[in-house]
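Before any comments, here is the structure.
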Amino acid sequence: MKNVRCFTLLFAALAASCGDGNVVVMANPSVQAAADSVTIVNYIDNLGYADADSVLPSGVHFVILDSGSLEAIDESDIVTFNYVGKLLNDTIFDTSIKEVADSIRMAVEMKTAAKMDTLDIELALLSVFNERRNYNPLKIVYSASGWTIEGDFINGFTDGVSATFRLLRTGGSALIVIPSAEAYGTLGSGLLIDPNTVIAFELLPIEVEKQ
């Protein structure tokens, strides 16, 4: 796949997150938003992208990693794209790319085989990236002012796609970093995403169908 270099950051660790994802952790929204903003800015700065960082009114930050060199994305195009979702410690919690999922599952299997007990976080990763799961890219009808996609997606994801796809061609890639209020909020999601957690996605448009 093109832009293999973009994935090097994603395999740095399979770190555990705390909590069971079922406990509501309430936080003052303005205080949490300010904390998330600092977390995001520091994260992007540590990656070396501070000069390329842009922020949306929702608090979602994005960086164009590679603008791409193939087909442009225009209004009303049907865009097929892959994604990789991760925590800021590089734990991947979701992806549309089978090769990425297989790498995670094999790494966890090797780790668990080397010791007596399997941690809850490791069981969660094996469940998410099980061998029977189907991995398919997403499709959207693109519009800079909003777009349609089948399924239920968090607000920060839709904001990030709308903002970055207007700047990308196929073969390119973007990083979006989503504050907790625009992600899974005070609930979190399962064992992998704690309450009040900032998350990130790498977006990779791979095909454009003109209408």
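The values are calculated or read from the model by the stated rules, or taken from the named source; none is laboratory data. Keep in mind the model is a prediction, meaning the values are calculated, not measured. Cβ atoms come from the backbone with ideal geometry, glycine included; neighbour counts cover every protein chain shown. Just the protein is used for accessible areas: all its heavy atoms, side chains included, with ligands, DNA and RNA removed. Shrake-Rupley method; radii C 1.70, N 1.55, O 1.52, S 1.80 Å.
Just to confirm, what accessible area per residue do you get for the stretch 74-169 at 1.4 Å probe, in whole Å²?
Details: 4870 Å² over 96 residues.
On a per-residue basis, 51 Å².
Distance between the C-alpha centers of the stretch 59-88 and the stretch 41-55? Whole Å please. Their Cα centres are 17 Å away from one another. Within the accessible surface of the stretch 49-168, defined with a 1.4 Å probe on protein heavy atoms only, the carbon and sulfur portion equals 50 percent. Each of Asp117, Asp53 has its accessible area taken with a 1.4 Å probe; listed largest first, they run Asp117, Asp53.
Can you divide the C-alpha Rg of the stretch 50-106 by 2.2 N^0.38 Å and report the result to two decimal places?
Numbers: Rg = 14.7 Å, N = 57, 2.2 N^0.38 = 10.2 Å.
Ratio of Rg to 2.2 N^0.38 Å for the stretch 50-106: 1.43.
Note that the stretch 60-211 shows a convex hull volume over its alpha carbon atoms of 113 Å³ per residue.
Using Cβ point charges alone (K and R +1, D and E -1), the dipole size of the stretch 71-211 about the Cα centre works out to roughly 180 debye. For the stretch 91-101, 3J(HN,Hα) computed residue by residue from phi via the Karplus equation (6.51, -1.76, 1.60; θ = phi - 60°) reads 5, 7, 10, 6, 6, 9, 9, 4, 4, 5, 4 Hz, glycine and proline entered as x.
So if we plug the beta-carbon distance of Glu75 and Thr112 into 1/(1 + (r/R0)^6) with R0 = 41 Å, what FRET efficiency do we get, rounded to 0.05?
For Glu75 and Thr112, the calculated efficiency is 0.30.
For a straight C-alpha distance cut-off of 15 angstrom, the aspartates and glutamates reachable from Lys139 (same-chain residues fewer than eight places away being disregarded) are Asp74, Glu75, Asp77, Glu150, Asp152, Glu207, Glu209. Taking all protein chains into account, the per residue accessible area for the stretch 28-73 stands at 55 Å² (1.4 Å probe). With the convex hull of the Cα atoms taken as the outline of the stretch 130-211, the averaged projected area works out to 6.6 nm².
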